[in-house]
Amino acid sequence: MPAISIKNINKTYIDQDGNEVQALHDINLDVAEGEFVCIVGPSGCGKSTLLEIVAGLLDATGGEVMLDGQPVRGTSRDIGVVFQDASLFPWRTVRKNVAFGLEIAGVPKEGREERLKRYISMVSLNGFENKYPAQLSGGMRQRAGIARTLAMNPKVILMDEPFSAVDHLTKCTLQEELINIRQAENKTVLFVTHDINEAVFLADRVVLLSPRPSTIQKIYEIPLEQK
Ligand code: ADP
Ligand code: ADP
């Protein structure tokens with residue numbers, strides 16, 4: 001059974017002028033447990049829309065998303081999300097932000113300190129535990145966001161262009177780190193990016209969501225050489 005099963009998903013938005021905008025047309029995609037799949041495609045092809053639907057943050061117009069065979073209805077603790085801007089709580093330190101994730105995951109108080117240390121060091125934020133998000137660089141904020149999401153111990157992690165707002169060198173470091181984290185945690189990951197190089201570097205499998213045409217929208221598998 002796939003960890004994530006996207007079945008015939010359709011999404012139509014109504015724009016400001018009242019016109020229908022079909023963002024997704026009959027999209028099907030399965031992600032196996034432990035698999036790291038990247039969805040690439042040009043701006044506007046519907047990647048964020050698809051991820052938001054999988055996250056339960058947006059309702060599809062048609063179709064269904066299954067998580068371990070169960071339909072996703074609204075947001076779920078089993079799904080962790082990392083967006084472009086980390087969305088940390090600005091009034092909480094790094095430590096408190098990550099601790100929030102542990103709390104959500106129901107980790108008892110005694111076990112939290114050890115897990116906190118583990119996730120903070122996993123994202124190389126040792127020494128920054130007591131800083132507030134505004135005191136960190138963009139790359140550090142993304143790291144803190146990833147640590148918070150990992151701390152929630154979700155079954156699957158959804159990432160929407162998580163590194164696109166950081167400088168190039170930081171991006172390369174974060175990509176390397178994500179590969180290491182991924183190996184250590186063995187999570188199922190669905191990652192959205194417009195950057196094909198990033199996708200090929202990170203993923204087990206890359207799929208292309210074609211630009212939104214009037215009728216046919218398709219998911220194409222991009223063959224990767226054996227990594
Ligand atoms: P991507 O993430 O690939 O850039 P999006 O999912 O953001 O694509 O958008 C897909 C399409 O849906 C685009 O044509 C976009 O303009 C349209 N769209 C997205 N959000 C809305 C909205 N709230 N209202 C109307 N149209 C929208
Ligand atoms: P509150 O009830 O305090 O408003 P929410 O449940 O709305 O808390 O979540 C607050 C923030 O926590 C969200 O803006 C989001 O950034 C983050 N969050 C919540 N659930 C998740 C999740 N499953 N994965 C990643 N971040 C999450």
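The values are calculated or read from the model by the stated rules, or taken from the named source; none is laboratory data. Just so it is clear, the structure is predicted and the values come from calculations on it, not from any experiment. Every residue, glycine as well, gets a Cβ built from its backbone with ideal geometry; the counts of neighbours run over all protein chains shown.
Residue count for segment 49-105 under the criterion of being over 27 Å from Pro211 (Cα atoms) and hydroxyl-bearing (Ser, Thr, Tyr): the result is 4.
Whenever a residue of segment 67-82 is within 10 Å of Gly56 (Cβ to Cβ), its partners that are among the hydrophobic types (A, V, I, L, M, F, W, C) and within 16 Å of ligand 1 (Cβ to nearest atom), lying with C-beta atoms within less than 6 angstrom and at least six residues away or across chains, give the pairs Val72/Val65; Ile79/Ala55; Val81/Ala55; Val81/Leu158. Applying the criterion of being in contact with a Lys or Arg (Cβ under 9 Å, 6 or more places away or on another chain), of a type outside the set (Ser, Thr, Tyr) and more than 16 Å from ligand 1 (Cβ to nearest atom) to the residues of segment 167-199, the residue that is nearest to Tyr132 (Cα to Cα) is Leu174. State whether one or more residues within segment 87-100 are buried (at least 16 other Cβ atoms within 10 Å of the Cβ), touching a residue at least 60 places away in the same chain (Cβ under 8 Å) and more than 15 Å from ligand 1 (Cβ to nearest atom). Yes.
For segment 59-80, a residue qualifies if it is in a strand (DSSP E or B) and farther than 23 Å from Lys218 by Cα, and the qualifying residues are Gln70, Ile79, Gly80. For segment 58-65, the criterion of being outside the structural domain of Val192 (by the TED database), at pLDDT 90 or above and farther than 14 Å from Asp160 by Cα is met by no residue. Within segment 29-58, if we keep just the residues that are buried (at least 22 other Cβ atoms within 10 Å of the Cβ) and part of a loop (DSSP other than H, G, I, E, B), the residue that is nearest to ligand 2 (Cβ to nearest atom) turns out to be Gly46.
When restricted to residues that are within 11 Å of ligand 2 (Cβ to nearest atom) and touching a Lys or Arg at 6+ places or on another chain (Cβ under 7 Å), segment 59-95 contains 3.
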